[in-house]
Amino acid sequence: MCLVLGPSGVGKTVLMKRLHKLCAKDSTDLGDLPPTQPTVGTNLTDLSVQRTCVTVREVGGSMVPIWPSYYKDCHTVLFIVDAANPNQVSASCIQLLSVLSAPALAAVSVLVIFNKTDLPCCMSLAEMKSLFRLDDIIASAKQPITVMETSTLEGTGLREVLQWLHSSTRH
């Protein structure tokens with residue numbers, strides 16, 4: 001089980017739909033942006049990543065108080081952050097620290113995704129890492145943490161996310 005977590009409005013649902021489309025057709029054409037609504041509750045989907053089935057559960061950003069109830073069977077976490085929303089950085093950082101400190105997630109692999117890199121107001125990776133104090137977080141975390149940038153709108157970085165999922169679920 002892979003959990004997809006992050007604040008509301010960061011692009012979790014679009015990411016899931018885009019990854020599903022890439023896996024289903026194994027094509028480079030993502031087509032139009034899929035319609036989405038804010039997730040209330042969870043979305044569950046299976047991704048076939050290089051002949052490995054990965055069950056992915058997206059938990060709505062408004063559901064933060066119940067995130068821990070999904071940690072038990074989790075083997076990987078995708079934590080999504082909106083790189084174009086500096087107002088959300090502190091809340092995102094607190095949520096990430098809470099996820100990383102959960103005993104049930106002490107041994108999981110974590111992928112922090114800075115999304116919406118296509119927007120003109122997006123912060124650079126260096127700015128995001130600095131605001132998050134990500135080097136300090138990575139140094140003190142028990143889990144292996146990887147950082148990637150994506151644009152779910154343009155499809156940038158999505159294949160790398162699938163590759164990370166594949167390599168993280170083989171262990």
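The values are calculated or read from the model by the stated rules, or taken from the named source; none is laboratory data. On a predicted model such as this, the values are computed, not experimentally measured, just so you know. Quick note on the areas: whole protein, heavy atoms, side chains included, nothing else; ligands and nucleic acids left out. Shrake-Rupley method; radii C 1.70, N 1.55, O 1.52, S 1.80 Å.
Just check the range 94-171 against the gyration tensor rule for me: Cα atoms, a ≥ b ≥ c as the square roots of the eigenvalues, rounded for a/c under 1.5, and otherwise prolate or oblate depending on whether a/b exceeds b/c.
Taking the square roots of the gyration eigenvalues as a ≥ b ≥ c, the range 94-171 is oblate.
Give me the count of lysine pairs in the chain whose alpha carbons sit under 24 angstrom apart, restricted to pairs 8 or more positions apart or on different chains.
For the chain, the number of qualifying lysine pairs is 12.
Given H placed 1.01 Å from N in the peptide plane, which residues other than close sequence neighbours of Leu111 have an amide H under 5 Å from its amide H?
Correct list: Val77, Leu78, Phe79, Thr146.
With a 1.4 Å probe and all protein chains left in place, how much accessible area per residue does the chain have, in Å²?
That works out to 50 Å² for each residue.
Rolling a 1.4 angstrom probe over the protein chains, ignoring ligands and nucleic acids, what is the accessible area of Met1 in square angstrom, nearest 10?
About 60 Å², rounded to the nearest 10.
Shape of the chain from its Cα gyration tensor (a ≥ b ≥ c, root eigenvalues): rounded if a/c is under 1.5, otherwise prolate when a/b > b/c, or oblate?
Verdict is rounded for the chain.
Round to a whole number: what % of the accessible area of the chain belongs to carbon and sulfur, probe 1.4 Å?
53
List, in order, the whole-Hz ³J(HN,Hα) value for each residue of the range 116-129 obtained from phi through the Karplus relation with A = 6.51, B = -1.76, C = 1.60 and θ = phi - 60°; use x for Gly and Pro.
6, 6, 7, 7, x, 8, 6, 7, 6, 4, 4, 5, 5, 4
Each residue of the range 151-156 in turn: what ³J(HN,Hα) in whole Hz from Karplus with 6.51, -1.76, 1.60 and θ = phi - 60°, glycine and Pro shown as x?
10, 5, 5, 8, x, 5
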